[in-house]
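Q: So that we are looking at the same thing, I have put the structure below in structure tokens.
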């Protein structure tokens, strides 16, 4: 099993290229995670750099899963800054490189984000994913509750509209 590490503000910039590789691989393999083809590592690195201020101010936590060779997965947790929503957080960009899928990396990353959310005082987690995706099956099997589906919510990397499933999980 890869080692999972939280990227603190001082080390985050040094991991942008590795994060970009995982994101670009996900998009290349059809993941509906907010980007359209063509989308390469340079595009992905630019996007990850836009996340750095949130990592610095503590509103975004980012973890990587790395094996002996490279980063093979990532997950992010966005903490809600509004006073009336500090009890909730959102799981974002749970990604596993295609060469590491099926080995429990996604489940381990999800568990890491859930534990960190609980540790930060969050009692409610939210996320969304493409309906019918492997990620949807992971969330359902990990005790998340689907509370709705929005038809044609987003496009896949090729531009085809896809339905999106929304999930929540209560902690504690």
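The values are calculated or read from the model by the stated rules, or taken from the named source; none is laboratory data. These numbers were taken from a predicted model, which means no experiment stands behind them. We place every Cβ from the backbone using ideal geometry, glycine too, and count neighbours over all the protein chains shown.
Q: Taking the conditions exactly as written (farther than 24 Å from residue 136 by Cβ, out of contact with any helix residue (DSSP H, G or I) (no Cβ under 8 Å at 6 or more places or on another chain) and modelled with pLDDT under 95), does residue 53 satisfy them or not? Quick ask: steps written out before the conclusion?
A: Details: farther than 24 Å from residue 136 by Cβ: yes; out of contact with any helix residue (DSSP H, G or I) (no Cβ under 8 Å at 6 or more places or on another chain): yes; modelled with pLDDT under 95: no.
No: the conditions fail for residue 53.
Q: Next question, about the same structure. Against the definition (over 20 Å from residue 134 (Cβ atoms) and either touching a helix residue (DSSP H, G or I) at 6+ places or on another chain (Cβ under 9 Å) or surrounded by fewer than 18 Cβ atoms within 10 Å (Cβ to Cβ) (or both)), how does residue 47 come out, yes or no?
A: yes
Q: Tell me yes or no: at least one residue of segment 128-142 is over 15 Å from the mean Cα position of the chain (by Cα) and at pLDDT below 95.
A: no
Q: Tally time: how many residues in segment 94-137 are in contact with a strand residue (DSSP E or B) (Cβ under 8 Å, 6 or more places away or on another chain) and part of a helix (DSSP H, G or I)?
A: Going through segment 94-137 one residue at a time, the tally reaches 14.
Q: Exactly one of (1) within 20 Å of residue 80 (Cα to Cα); (2) outside any loop (DSSP other than H, G, I, E, B); (3) more than 14 Å from the chain's Cα centre (by Cα) is unmet by residue 8. Its number?
A: (2)
Q: Let me ask something else. Please determine, by comparing only the residues of segment 22-41 that are touching a helix residue (DSSP H, G or I) at 6+ places or on another chain (Cβ under 6 Å) and not in a loop (DSSP other than H, G, I, E, B), which one is surrounded by the most Cβ atoms within 10 Å (Cβ to Cβ).
A: Filtering first and then ranking leaves 23.
Residues are listed down the side, and each one gets a yes or a no for (1) without any contact (Cβ under 8 Å) to a residue 60 or more places away in the chain; (2) more than 16 Å from residue 70 (Cβ to Cβ):
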site: 1; (1), (2): no, no
site: 4; (1), (2): no, no
site: 9; (1), (2): yes, yes
site: 27; (1), (2): no, yes
site: 31; (1), (2): no, yes
site: 42; (1), (2): yes, yes
site: 46; (1), (2): yes, yes
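Q: Going through segment 1-20 one residue at a time, which ones are touching a helix residue (DSSP H, G or I) at 6+ places or on another chain (Cβ under 7 Å), surrounded by fewer than 19 Cβ atoms within 10 Å (Cβ to Cβ), under 17 Å from residue 106 (Cα atoms) and at pLDDT 95 or above?
A: 4
Q: Does segment 56-71 contain any residue that is in a strand (DSSP E or B) and either closer than 23 Å to residue 154 by Cβ or modelled with pLDDT under 95 (or both)?
A: Yes, that holds for at least one residue.
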